[in-house]
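**Student:** Structure provided below as C-alpha cells; questions to follow.
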Amino acid sequence: MLSLTVMLFSCSNNTQEVRDFLASKNLPIGSAKDAFHVYKDSGRITSKLITPLLLDFSNRKQHPYNEFPKGIKIINFEGKDSVTITGNFALSYSKTLISEIKGNVVVLNHAEQSRLETEQLFWDQNTKYFFSEKAFTLSTLKDTIYGIGFESKEDLSKHLAKKTTGKLETTEE
C-alpha cells in the first residue's frame, strides 16, 4: 500500500510576515560571523566594532537590539585619544543607544594609560557615559582604585567611584 501526502505551501514576499514570524520564535532576523564594522562621521572613522558573532534582533517592535554572544571589541576614536572596550557578551539596544557589556569587561584609554576592569558595564552612547553597580578596578598612572559602583565619561575621565578602597592621590582645589 502506497501512501501519498500532499503539502501545499503558500509563498509570499511579505517581509513583515517573515519578521513577525522570526520575532514570535525569538529568532534573529540576521546574523554575521567575524563581523568588522567601521563607523564614520563626515568621512572620518569614529569607531570600529569587531565580533566573532553578531545576531540582529531589529525585528523586535518595542526593544530592537543586537546581541554579541561570543564577545565584542569596540575601538572609539575621539581626537587624539582612542578607547578600546572589550567584553565576553554584549547587548546593544538601537532605540535607546544603551549597551550592556558583560564578562571580563575591560576599558582602556590608550592616551591616558588608564584601565577599567569590571564584570558588567552599561554604556549610554548618546551621552558617552559608562556606569556599573558591580565591583571594579580602575588603574591610572597615579593610583589603583577598587570599589563597587562606577560612573565616568567613556574616556574614563571625570569618574565617580563608589564604595572605594585603595591608595588614592588627591589634590584640593
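**Student:** Looking at this model, which pairs from Lys33/Lys162; Lys48/Lys158; Lys70/Lys142; Lys95/Lys142; Lys40/Lys153 are more than 31 angstrom apart at the alpha-carbon?
**Tutor:** Where the Cα-Cα span goes over 31 Å, the pairs concerned are Lys33/Lys162; Lys70/Lys142; Lys95/Lys142.
**Student:** A further question follows. Dipole magnitude of the stretch 32-120 about its Cα centre, charges +1 at Lys/Arg Cβ and -1 at Asp/Glu Cβ only, in debye to the nearest 20?
**Tutor:** Roughly 280 debye for the stretch 32-120.
**Student:** Please list, in order along the stretch 102-109, the HN-Hα scalar couplings obtained from phi with the Karplus expression 6.51 cos²θ - 1.76 cosθ + 1.60 (θ = phi - 60°), rounded to whole Hz, x for Gly and Pro.
**Tutor:** Here the 3J(HN,Hα) series is 10, x, 6, 6, 10, 10, 10, 9 Hz.
**Student:** Still on this structure: Relative to the compact-globule scaling 2.2 N^0.38 Å, provide the ratio for the alpha-carbon radius of gyration of the stretch 28-161.
**Tutor:** In units of the 2.2 N^0.38 Å rule of thumb, it is 1.05.
**Student:** Whole-Hz ³J(HN,Hα) for each residue in the stretch 141-147, computed from phi via Karplus 6.51 cos²θ - 1.76 cosθ + 1.60 with θ = phi - 60°, x for glycine and proline: what do you get?
**Tutor:** My calculation for the stretch 141-147 gives 5, 8, 7, 10, 10, 10, x Hz in order.
**Student:** Of Ser94, Thr127, Gln113, whose Cα points farthest to the positive end of the dipole of the stretch 71-137 (charges on the beta-carbon: +1 Lys, Arg; -1 Asp, Glu; origin at the Cα centre)?
**Tutor:** So the residue we want is Ser94.
No lab work stands behind these numbers, since they all come straight from the coordinates. Just so you know, these numbers come straight off a predicted model, no measurement behind them. Glycine gets a Cβ as well: all are built from the backbone with ideal geometry, and neighbour counts include every protein chain shown.
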